[in-house]
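The values are calculated or read from the model by the stated rules, or taken from the named source; none is laboratory data. Note that the coordinates shown come from a computational prediction; the quantities given were computed from them, not determined experimentally. Glycine gets a Cβ as well: all are built from the backbone with ideal geometry, and neighbour counts include every protein chain shown. Surface accessibility is based on the protein's heavy atoms, side chains included, excluding ligands, DNA and RNA. Shrake-Rupley method; radii C 1.70, N 1.55, O 1.52, S 1.80 Å.
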Amino acid sequence: GESVGLHLPTLSVQEGDNSIINCAYSNSASDYFIWYKQESGKGPQFIIDIRSNMDKRQGQRVTVLLNKTVKHLSLQIAATQPGDSAVYFCAEKRRAQGGSEKLVFGKGMKLTVNP
Amino acid sequence: NAGVTQTPKFQVLKTGQSMTLQCAQDMNHNSMYWYRQDPGMGLRLIYYSASEGTTDKGEVPNGYNVSRLNKREFSLRLESAAPSQTSVYFCASSMTGRGNEKLFFGSGTQLSVL
């Protein structure tokens with residue numbers, strides 16, 4: 001079936017390194033993707049989004065890359081800091097029965113930043 | 001600006017008990033959502049309300065009911081709690097509800113059903 005998932009369940013990096021978190025999606029009709037960060041004991045927080053008419057979008061220290069050919073999404077975090085330690089989710093806009101649209105979330109990946 | 005506020009933060013129930021999770025948003029958003037989060041399962045949509053006066057089932061609606069009380073408030077009710085409903089519950093809201101607008105989440109309710 002269709003799914004949104006992450007390649008790596010955990011990632012450990014050194015402070016100051018760049019981090020790359022990957023996500024695969026299977027619905028080629030999806031046209032909007034979003035990344036969320038969830039710190040322990042908190043709700044998910046929006047990081048960055050991208051529409052399918054783009055292949056790259058940059059924010060503050062974060063970049064999202066979209067490769068529609070292989071249905072792959074990645075989140076790059078530059079100069080990773082201890083405060084970046086969290087679980088990261090990708091989500092895909094999916095059209096449901098009746099024409100409504102909903103976000104479908106992947107399972108999440110835990111990023112640990114070592115000082 | 002409080003954003004999305006959920007109560008309670010923690011709750012322990014016995015099997016068969018009922019309870020209502022409350023959610024309110026002060027961002028004048030049209031759409032509101034209830035998700036549950038289980039280890040290894042990600043966020044799964046229980047119910048949503050695209051606009052005031054409407055509610056629809058999500059992926060995992062069984063055992064739950066919802067009420068969109070007004071534009072600000074969206075409650076989730078467990079009529080007869082079961083251990084399988086042990087989870088962390090998140091309420092969220094968005095402006096248009098079309099899925100192409102980012103969701104704003106509350107801080108969650110940790111529910112244990114014994």
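Annotations for the structure displayed:
- Residue in segment A:69-82 that is of a type in the set (D, E, K, R) and free of Cβ contacts under 8 Å to residues at least 60 places away in the same chain present: yes
- If only residues of segment A:9-28 that are over 17 Å from A:Thr112 (Cα atoms) and part of a strand (DSSP E or B) are counted, the one that is nearest to the other protein chains (Cβ to nearest Cβ) is A:Cys23.
- Residues in segment B:85-114 that are at positive phi and modelled with pLDDT under 95 were compared, and the one that is nearest to the chain's Cα centre (by Cα) is B:Gly97.
- Residue list for segment B:24-58, restricted to those being more than 14 Å from B:Gly108 (Cα to Cα) and of a type in the set (Ser, Thr, Tyr): B:Ser31, B:Tyr47, B:Tyr48, B:Ser49, B:Ser51, B:Thr54, B:Thr55
- In segment B:86-114, residue nearest to the other protein chains (Cβ to nearest Cβ) [restricted to those that are open to solvent by 10 Å² or more (accessible area, probe 1.4 Å) and touching a Gly at 6+ places or on another chain (Cβ under 7 Å)]: B:Phe105
- Among the residues listed as A:Ser52, A:Ser85, the single one being open to solvent by less than 70 Å² (accessible area, probe 1.4 Å) and farther than 18 Å from A:Ile20 by Cβ: A:Ser52
- Complete set of residues in segment B:72-112 that are within 21 Å of B:Gly40 (Cβ to Cβ) and of a type in the set (Ser, Thr, Tyr): B:Ser84, B:Thr86, B:Ser87, B:Tyr89, B:Thr109, B:Ser112
- Segments classed as strands (runs of 3 or more DSSP E), wholly inside segment A:29-110, with at least 2 members that are among the hydrophobic types (A, V, I, L, M, F, W, C): A:32-38, A:45-51, A:62-67, A:72-77, A:86-95, A:101-105
- Residue within segment A:30-47 that is within 14 Å of another protein chain (Cβ to nearest Cβ), touching a residue at least 40 places away in the same chain (Cβ under 8 Å) and open to solvent by 80 Å² or more (accessible area, probe 1.4 Å) present: yes
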